[in-house]
Amino acid sequence: MRITIFGSGYVGLVTGACLADAGNQVICVDVDRRKVEMLKAGELPIHEPGLDAVVERNAAAGRLTFTTDAKEGVDHGQFQLIAVGTPPDEDGSADLRYVLAVARSIGEHMTEYKVIVTKSTVPVGTADKVQRTVAEALQARGTAIEFDMVSNPEFLKEGPQSRIS
């Protein structure tokens, strides 16, 4: 499978490396040029035990690549995973501006059917907002291309886990 992941932080990079390790062709897109250059040089911007070996192995095999070019990413994958940050907004709610910016970019560049997956941890209803944003970008281009939406949020472990008896 050809998979594009927008975001190369904890969620995006780990997901991308693992999907590449399973034999998929993965490209990670990030707006941070410095981070992408680090990754291309084999340096990781995060620490996750064992991740360096997985990234190195899959980059060397050509299954895992990195870019800042959103069009290249959209062209690459039938699956478009959105794994960008959702920092708290002023009122404490999730700030969706980065998620919706990626959705807009996907809609601006897609030329064929895509499956768009929200991997970022987002509130209920975000998939509808992403779908609307992609559809509006397609409409602005005067084109109608089918796509499907999937919500697959990542919930990272934070602190000790409680046991339920």
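Values quoted throughout were computed directly from the atomic coordinates according to the rules given, and no laboratory measurement underlies them. Computed from a predicted model, the values in this text were never measured in an experiment. All Cβ positions, glycine included, derive from the backbone under ideal geometry; neighbour counts span all protein chains shown.
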Rounded to the nearest 5, what % of DSSP beta bridges with both residues in the chain are antiparallel?
5
So who's got an amide H within less than 5 Å of the one on L81, skipping anything under 5 residues away but keeping other chains? H placed 1.01 Å off N, in plane.
T4, I5, F6, V117
Two-decimal Rg/Rh across the chain, once Rg and the Kirkwood Rh are taken from alpha-carbon atoms
0.98
State the number of lysine pairs found in the chain whose Cα atoms come within less than 20 Å, restricting to pairs 8 or more positions apart or on distinct chains.
8
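In debye to the nearest 20, how big a dipole does the range 46-100 give about its Cα centre with +1 on each Lys and Arg Cβ and -1 on each Asp and Glu Cβ? Mind showing how you got there, number by number?
Numbers: 4 positive and 10 negative charges, 69 e Å.
Once rounded to the nearest 20, the dipole reads 340 debye.
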Can you give me the C-alpha center-to-center distance between the range 40-79 and the range 83-100, rounded to a whole angstrom?
24
Which log10 I(q)/I(0) values, to two decimals, does the range 3-74 give at q = 0.17 Å⁻¹ under the Debye formula with one point per Cα?
-0.49
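Restricting to Cα pairs below 8 Å that are 6+ residues apart, what does the relative contact order work out to for the range 52-123? Please round to a whole percent.
It rounds to 37 percent for the range 52-123.
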Which whole-number percent gives the relative contact order of the chain, counting Cα pairs below 8 Å spaced six or more residues apart?
22
For the chain, what is the calculated [θ] at 222 nm in deg cm²/dmol (nearest 500), taking -39500 (n - 2.57) for each run of four or more DSSP H residues and dividing by its residue count?
-12000 deg cm²/dmol
Amide H contacts under 5 Å for F66, restricted to residues at least 5 apart in sequence or on another chain and with H modeled in the peptide plane, are C28
